[in-house]
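J.: This is the structure, below, for whatever I ask next.
The values are calculated or read from the model by the stated rules, or taken from the named source; none is laboratory data. On a predicted model such as this, the values are computed, not experimentally measured, just so you know. Heads up, the Cβs are rebuilt from the backbone with ideal geometry, glycines too, and the neighbour counts pull from every protein chain shown. Just so you know, the surface numbers come from the protein's heavy atoms only, side chains and all, with ligands and any DNA or RNA stripped out. Shrake-Rupley method; radii C 1.70, N 1.55, O 1.52, S 1.80 Å.
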Amino acid sequence: MDISEILTGKFTEFDIGTPLSKVAGAFENQELDAVIVTDGDEYRGVVSRRQLASSSNQPSAKVGSQVQHVPTVDRTEDVREVARLMIGSDAKTLPVLDDDRVVGVVTGDAVLEAVRPFLDAVTVEDAYTAELISATPETTVGKALNLLREAGIAHLPVVDGNDLVGMLSLYDVIEFTTRGGSKSQGGSSGDFDSRRSGGQTRGGFGAREGDADRMLDLPVRNLMSDAVVTVMRSAPLDEVVETMFEQEISSLVVTADDTAEPVGIVTKTDVIEALTWERDDRNAVQVFGLELLEGMDYDEVSALIESMTSKYGEMSVIKASIELQEHKEQSRGVPLVLARIRLVTDRGYFTADGEGYGASHALRLAANAVERQLLKGKTYGQSMKPSTTDEQARLYGWWLGG
């Protein structure tokens with residue numbers, strides 16, 4: 001299955017000299033995930049909604065300063081390979097090039113729409129992330145923002161005891177703290193832009209007049225969305241994707257089948273990542289950007305992961321994702337590389353970045369950071385259950401094999 005039928009020629013494009021404030025205005029279109037950045041007729045990269053929301057640049061800065069270099073694809077690229085590239089680059093919009101010109105884009109939503117008919121035999125339990133990164137109603141907005149950024153996520157469930165009471169979005173926090181600072185708000189949730197949550201209600205909050213520190217000290221119960229969509233672990237994955245499209249959301253909180261207790265989260269990214277694991281893949285380690293590694297092959301990377309985790313008692317690696325991204329900056333001809341390790345084990349979820357000159361150096365820095373987390377017992381969630389061979393065969397069905 002290639003992307004020729006799911007790419008779109010409609011995309012938003014900006015020159016590298018465009019002020020970020022103008023680009024931010026384009027993202028008021030809630031369906032827009034990323035914009036294309038060019039220098040004249042030359043493609044330079046993309047800027048995503050999430051990237052812009054997470055940055056601290058001044059609105060007067062130029063969009064060229066925020067360019068993210070993501071993989072490009074051609075019209076006949078296989079949908080599975082596109083999914084791999086999206087996960088490896090942490091991008092949900094990839095440019096489609098023809099003779100070095102951008103002729104369209106392929107989005108994560110388009111990929112999910114194309115593969116949805118094949119997901120009816122797969123359940124949420126096969127793909128969800130058993131991460132319980134959550135806040136309480138009394139968690140401050142500032143602390144919640146740190147949780148979102150540190151874990152690299154965009155949605156934070158709000159839990160009161162064992163009860164799921166709301167959902168906090170990174171984009172809502174950013175808009176609240178940056179655009180809302182000069183507006184006086186009363187106690188009605190109707191004063192807040194309800195389009196951000198599809199008309200869902202939000203708790204009221206008191207007046208504020210540009211006091212950023214005071215806003216960050218507010219409890220999240222005053223900003224969270226009261227309506228949260230949940231799904232049981234046994235639900236078919238195709239229905240989950242359908243719900244996401246119908247509700248115009250990108251994540252659902254997963255609950256245990258026999259109780260309403262939240263046990264994890266399933267996102268569009270989780271579903272896309274599931275497409276990258278082949279049914280006969282017997283190794284838990286995936287490497288994106290392996291060609292950047294000098295002096296190391298796949299077996300040596302796997303050995304590094306095994307050595308890293310074996311130091312801390314009994315630990316089973318369920319899935320390890322290693323992403324390598326090369327920057328233009330160089331030192332003595334060696335490029336600056338960002339290495340990101342995501343490690344899912346039976347003892348929890350660990351993630352860390354490392355940046356250095358040369359991919360091997362960056363990878364070892366990231367591995368050292370993960371080791372420090374392991375030593376401290378710091379995880380981003382509870383453990384996941386290992387999947388059996390039969391479950392993998394069912395999840396990564398015949399259509400992924402070609």
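J.: What number, in percent, do you get for the relative contact order of region 26-156 if the mean sequence gap of Cα pairs under 8 Å and at least 6 apart is divided by its residue count?
T.: Value for region 26-156: 16 percent.
J.: For Thr93, tell me the accessible area in Å² from a 1.4 Å probe, rounded to the nearest 10.
T.: 10 Å²
J.: Sorted by accessible area (1.4 Å probe), largest first, how do Lys22, Lys268 line up?
T.: Lys22, Lys268
J.: Quickly work out the Gln330-to-Arg101 label distance, labels modelled 7 Å from Cα along the C-beta direction, and quote it in nm with one decimal.
T.: According to this spin-label approximation, the distance is 3.0 nm.
J.: Excluding ligands and nucleic acids, what accessible area in Å² is computed for Glu28 using a 1.4 Å probe, to the nearest 10?
T.: For Glu28, the solvent-accessible surface is approximately 120 Å².
J.: Heads up, I need the accessible area for Leu218: 1.4 angstrom probe, whole protein in place, Å², nearest 10.
T.: Its heavy atoms expose roughly 40 Å² to the probe.
J.: To continue, here is another question. Averaged per residue, what accessible surface does region 266-371 expose to a 1.4 Å probe, in Å²?
T.: Per residue, region 266-371 has an accessible area of 45 Å².
J.: So which GluC sites (Glu not before Pro) in region 308-364 are both in a DSSP loop and have at most 16 other Cβ atoms within 10 Å of their Cβ?
T.: Sparse-neighbourhood loop GluC sites (Glu not before Pro): Glu314.
J.: Another one. Working with all protein chains in place, sort Lys328, Lys10, Lys92 by solvent-accessible area computed with a 1.4 Å probe, largest first.
T.: Per-residue accessible area, sorted high to low, gives Lys10, Lys328, Lys92.
J.: Could you calculate the FRET efficiency of Thr259 with Ser316 from 1/(1 + (r/R0)^6), where r is the beta carbon distance between them and R0 is 35 Å, rounded to 0.05?
T.: On the way: r = 26 Å, r/R0 = 0.75.
With a Förster radius of 35 Å, E is 0.85.
J.: Starting from 0.36 nm per residue, how many nanometres of slack lie between Asp15 and Gln68 once their C-alpha separation is accounted for?
T.: My answer for the length gained is 17.7 nm.
J.: Okay, next question. Can you figure out the FRET efficiency of Leu375 with Thr8, using R₀ = 35 Å and their beta-carbon distance, to the nearest 0.05?
T.: Efficiency at R0 = 35 Å is approximately 0.15.
J.: Separate question: Ranked from the most accessible area to the least, with a 1.4 Å probe and all protein chains present, what is the order of Phe14, Phe118?
T.: Values: Phe14 25, Phe118 70 Å².
Putting Phe14, Phe118 in descending order of accessible area: Phe118, Phe14.
J.: If I take R0 = 51 Å and measure r between the Cβ atoms of Ala26 and Asn368 in this structure, what FRET efficiency does the formula 1/(1 + (r/R0)^6) give, to the nearest 0.05?
T.: Details: r = 39 Å, r/R0 = 0.77.
With a Förster radius of 51 Å, E is 0.85.
J.: How many angstrom lie between the C-alpha centres of region 293-325 and region 222-271?
T.: Using only Cα atoms to place each centre, the spacing works out to 31 Å.
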